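The values are calculated or read from the model by the stated rules, or taken from the named source; none is laboratory data. All values reported here derive from a predicted model rather than from experimental measurement. Don't worry about glycine lacking a Cβ; one is built from the backbone with ideal geometry, like all the others, and counts go over all protein chains shown. Ligands, DNA and RNA are excluded from the accessible area calculation, which covers all protein heavy atoms including side chains. Shrake-Rupley method; radii C 1.70, N 1.55, O 1.52, S 1.80 Å.
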Amino acid sequence: MSERILVIKLAALGDVVQAFAPFAAIRAHHPEAHITLLTTAPFAPLLRRAPWFDEIWDDGRPDWSDLRAVARLAWRLRRAGFARVYDLQTSSRSSRYRWFTGRAVWSGVESHGRVNAKRDALHTLERQREQLTIAGIRDFPPPALDWLDDPLADFALPPRFVLLVPGASPGRPGKRWPVARFAELAMRLQAPPVVLGGPAE
């Protein structure tokens, strides 16, 4: 029977994309395992196409006040019998899921923090790589991206373009790059800029 492994990455889009390399490293390290990703509904359709997971669960962030939903997730996690968990969300929420996974070997804030008390000062990519290295993963192949290819003919785009996403992190505007910088970058590009976003953009 295949070892059952849980990977946790709940949100957000930029963080999910930055986790592609860790996802690939986990799959390369456990080629025969049955790997489940615990995420949230907005990211499940994208990640179901990815080559790194056998199963996607999209109920990873129930409201704590919804006791039935929390109990359903807790029961699901306990019943799955995961042998190992890689918590790439490393939030206070995802850390609590350790209570629900029984005796699984856990890679997350606690295990990483015991080795490097300054883990929070690292960039996300450095932090995740160090976390996985501590967990015994030392091979980090470049993540496959061909599964993201989709026909673009319906968008009437030029053959070469640069995609800009200026409205990133709507809930945390302090994390956004200033609009003036996006404008300056767009003027310097060697390919036409295409802006992705909603009415605000």
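Does any residue of segment 82-92 turn out to be closer than 23 Å to residue 41 by Cβ, at pLDDT below 95 and assigned to a helix (DSSP H, G or I)? Scanning segment 82-92, I find at least one residue that is closer than 23 Å to residue 41 by Cβ, at pLDDT below 95 and assigned to a helix (DSSP H, G or I), so the answer is yes. The set of residues in segment 93-109 being in contact (Cβ under 8 Å) with a residue 24 or more places away in the chain, open to solvent by 20 Å² or more (accessible area, probe 1.4 Å) and part of a loop (DSSP other than H, G, I, E, B) consists of 102 alone. Taking into account only those residues within segment 176-193 that are open to solvent by 90 Å² or more (accessible area, probe 1.4 Å) and part of a helix (DSSP H, G or I), which is modelled with the lowest pLDDT? Among those that are open to solvent by 90 Å² or more (accessible area, probe 1.4 Å) and part of a helix (DSSP H, G or I), it is 179.
Please go through segment 48-71 and pick out each residue that is in contact with a Ser or Thr (Cβ under 6 Å, 6 or more places away or on another chain) and either in a helix (DSSP H, G or I) or within 23 Å of residue 146 (Cβ to Cβ) (or both). Residue satisfying the conditions is 55 alone.
Scanning segment 128-171 for residues that are among the β-branched types (Val, Ile, Thr), open to solvent by less than 60 Å² (accessible area, probe 1.4 Å) and within 30 Å of residue 31 (Cα to Cα) yields 133, 137. Only a single item in (1) crowded, with 21+ Cβ neighbours inside 10 Å; (2) under 19 Å from residue 102 (Cα atoms) is not met by residue 39, and it is number (2). In the set (1) over 22 Å from residue 124 (Cα atoms); (2) in a helix (DSSP H, G or I), residue 2 fails one condition alone, (2). In a residue-by-residue description of segment 115-125, the property of being under 21 Å from residue 4 (Cβ atoms), exposed (fewer than 15 other Cβ atoms within 10 Å of the Cβ) and either more than 20 Å from the chain's Cα centre (by Cα) or among the acidic types (Asp, Glu) (or both) applies to no position. Restricting the first member to segment 155-179 and to residues that are on the phi > 0 side of the Ramachandran plot, and the second to residues that are charged (D, E, K, R), the beta-carbon pairs closer than 7 Å and six or more apart or on different chains are 169/175; 169/176. Inspection of segment 7-25 finds no residue satisfying the criterion of being in a loop (DSSP other than H, G, I, E, B), out of contact with any Ser or Thr (no Cβ under 9 Å at 6 or more places or on another chain) and free of Cβ contacts under 8 Å to residues at least 60 places away in the same chain.
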